[in-house]
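Asks: First the structure, which I've put down as structure tokens, then a few questions once you've had a look.
The values are calculated or read from the model by the stated rules, or taken from the named source; none is laboratory data. What you are looking at is a predicted structure, and each value in this text was computed from that prediction instead of being measured. Positions of Cβ are backbone-derived with ideal geometry, glycine not excepted, and every protein chain shown enters the neighbour counts. Heads up: the accessible areas ignore ligands, DNA and RNA and are worked out on the full protein's heavy atoms, side chains in. Shrake-Rupley method; radii C 1.70, N 1.55, O 1.52, S 1.80 Å.
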Amino acid sequence: MKLDILLVGVGGQGILTTSNILARAALKAGVNVVTAETHGMAQRGGSVEVHVRLGDVYAPLIPVGGADYAISLEPVEILRYTQYLNEDTTVILNDRPIVPPSVSAGLGRYPEINEILEALKDITKNVKLVSASKIAEEVAGTIQATNVVVVGMLARLADLPFDYEILEEVVKEFFPERLVEPNLKALKAGYNYWG
């Protein structure tokens, strides 16, 4: 068994927390896990990419064209990492943009969501556009739970080598006590999103 999951977004969105949740769940289930992270500008707003490899894997980086799943917490960020996608990759694409300073300063243009979807359709037919940030705000009361919403969505879509209950255990152990309940709500809302 092997499962390759690419996580992308910008600094401050919780990409590293997302990878930690998945890695801890795998370890709890006795599943081999290898991760690798790149912090871009290593600051809030800079590009962040994390490779999470589960099962029979040894190298930390997903091979080019090898991602089974890709989660993009910021819409345009997925376009930076299309080399890891293939026609069978399932992309969970959060629809809330984080406009970079260059666009705010008038030095560039942020693409419309339809342009992003159009660019992806020639690579993979499995793009799931979701309003994970909106769900996080509604059920957890904070946009900071967006990353946990998408973990729940992934748990429903993917044949993960661990049960949903293990993810709940990890959330309870990982977050400070005051953040456990909102994140459990976010996880459940994401998990129930498709059924």
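Asks: Which GluC sites (Glu not before Pro) does the stretch 98-172 hold that lie in a coil by DSSP with at most 12 other beta carbons within 10 Å?
Replies: Sparse-neighbourhood loop GluC sites (Glu not before Pro): Glu112.
Asks: Suppose all protein chains stay in the model; what accessible area per residue would a 1.4 Å probe give for the stretch 113-195, in Å²?
Replies: For the stretch 113-195, the solvent-accessible area averages 52 Å² per residue.
Asks: How high is the relative contact order of the stretch 68-195, in percent, with contacts defined as C-alpha pairs under 8 Å that are six or more residues apart?
Replies: On the way: 181 pairs, mean separation 30.5, N = 128.
Relative contact order of the stretch 68-195: 24 percent.
Asks: Also, I was wondering about something else. How long is the gain from Glu115 to Met1 if the chain were fully straight, where each residue apart is worth 0.36 nm and the alpha carbon distance is subtracted?
Replies: Length difference between fully extended and current span is 37.5 nm.
Asks: Quick one: longest stretch of the chain between exposed loop chymotrypsin sites (Phe, Trp or Tyr not before Pro), exposed meaning at most 13 other C-beta atoms within 10 Å and loop per DSSP? It would help to have the intermediate numbers written out before the result.
Replies: Values: sites that count: Tyr58, Trp194.
In the chain, the maximal stretch lacking such sites is 59-193.
Asks: Same structure, new question: How big is the Rg/Rh ratio for the chain, C-alpha atoms only, Rh by Kirkwood, two decimals?
Replies: 0.95
Asks: If you take the beta carbon distance between Ser104 and Lys134 as r and set R0 to 25 Å, what does 1/(1 + (r/R0)^6) give as a FRET efficiency, to the nearest 0.05?
Replies: 0.70
Asks: Looking at the square roots a ≥ b ≥ c of the eigenvalues of the Cα gyration tensor of the stretch 85-195, which shape do they give, rounded for a/c under 1.5, prolate if a/b is larger than b/c, or oblate?
Replies: oblate
Asks: To the nearest 20 debye, what charge dipole does the stretch 1-133 have about its Cα centre, counting +1 at the Cβ of each Lys and Arg and -1 at the Cβ of each Asp and Glu? Display every interim value, and only then the final one.
Replies: Numbers: 11 positive and 14 negative charges, 79 e Å.
In total the dipole reaches around 380 debye.
Asks: Using helices alone, what [θ] at 222 nm do you get for the chain, with -39,500 (n - 2.57) per DSSP H run of 4 or more residues, divided over all residues and rounded to the nearest 500? The partial results should precede the final answer.
Replies: Details: 8 runs with 79 residues, N = 195.
Rounded to the nearest 500, it is -12000 deg cm²/dmol.
Asks: Over what distance in Å are the Cα centres of the stretch 51-79 and the stretch 177-195 separated?
Replies: Result: 23 Å between the Cα centres.
Asks: Also: How large, in percent, is the carbon and sulfur part of the accessible surface of the chain at a probe radius of 1.4 Å?
Replies: For the chain, the apolar C and S fraction of the accessible surface comes to 49 percent.
Asks: Within the chain, how many Lys pairs that are eight or more residues apart, or on different chains, come under 27 Å at the alpha-carbon?
Replies: Going through the chain pair by pair, I get 19.
Asks: Can you list residues whose amide H is under 5 Å from Val130's amide H, if they're 5+ apart or on another chain and H is modeled 1.01 Å from N?
Replies: Leu93, Asn94, Asp95
Asks: Describe numerically, in nm with one decimal, the distance between label points set 7 Å from Cα along Cα→Cβ at Val64 and at Lys125.
Replies: Result: 2.5 nm between the two label points.
Asks: Can I ask one more? What accessible surface, in Å², does a 1.4 Å probe find on Lys172, ignoring ligands, DNA and RNA and rounding to the nearest 10?
Replies: Counting only protein heavy atoms, Lys172 exposes about 120 Å² to solvent.
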